Structures are given as structure tokens and as C-alpha cells.
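Take this structure first; my questions come after.
The values are calculated or read from the model by the stated rules, or taken from the named source; none is laboratory data. On a predicted model such as this, the values are computed, not experimentally measured, just so you know. In this analysis, Cβ positions are derived from the backbone assuming ideal geometry, glycine residues included, and neighbour counts consider all displayed protein chains.
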Amino acid sequence: MGSCWEWKNKYASVRLGDSIVHASLLAWFIYKRVDIPLTGQICHICNNRRCVNPAHLYNGTAKENAAYMVICKRTTGQKINKKDAEEIRESKKLGASVGSLAFKYNLSISAIYKILEGLRWQEN
């Protein structure tokens, strides 16, 4: 399997035209020459989100990835605390993108929107 090939920028992403794409997705497409089904995602068997080694990547579902994260003890259920939610709101006010915040805090884009809209981790 070899060692991880770590993407060097902070968010392991690259801009392609008007879109920001995770580097692992780009690596999968380049090396495997296989598109990702709309219902799938690129998962890492090495548990390193910055890794782009194609031998460490597989096409899976969100449910499979979540189960693997629990097995590998990468998640405890609650991913952030109130301080993180406050930082997310402040970072957004300062111009951070929703995608970069999702990646930084290991949350889905919809979770970030729920925090920003006050549906999760309400401000006091």
C-alpha cells in the first residue's frame, strides 16, 4: 500500500475553474480514470484526509465512511463544541468559504449552514 502522499495546502483542495475540488477526488479521477457516482464519495483507508495516494483511496458511500470512521476511532459522535461553532460563525463573517470551514472542522457543508443559520449550536 505504501506511505501517504500528502497534499501540501491546508485544505487538501484545488481550484478547477469556478469549483474547489478535494485533492483526493482529483487523484481518484486522474489515477483510476473512473468517475465518482453522485451517491458516492472518496474515502481513505489510511485515515488521512490530506492523502492523495490512489492505493489509499476507495469509492464508498457516506454511510460506509461513517462506519469506518467509528471502527478506526476517528469520531466520537460530537465533532465540535460551542467554541468551534462561534469560530465558524466569526470565520464566515471574515470571508471564509463554507467549503473550507466544512473541511477544517470535518463537517458536512449542510452542518456548517445549520450552524450559520442557528439551527445547531445556537448563539446565546
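Taking the range 43-63 only, how many residues are β-branched (Val, Ile, Thr) and surrounded by 17 or more Cβ atoms within 10 Å (Cβ to Cβ)?
1
Output the residue which, of all residues in the range 1-49 that are within 14 Å of Ser100 (Cβ to Cβ) and within 11 Å of the chain's Cα centre (by Cα), is modelled with the highest pLDDT.
So the residue we want is Ala23.
Within the set of pairs 6 or more residues apart or between chains, which connect a residue that is within 14 Å of Ile20 (Cβ to Cβ) inside the range 96-123 to a residue that is of a type outside the set (A, V, I, L, M, F, W, C) and at pLDDT below 90 with Cβ atoms less than 6 Å apart?
Ser100/Tyr11; Phe103/Tyr11
Within the range 1-34, restricting attention to residues that are polar (S, T, N, Q) and surrounded by 13 or more Cβ atoms within 10 Å (Cβ to Cβ), which residue is farthest from Gly60 (Cα to Cα)?
Only one residue fits best here, namely Ser13.
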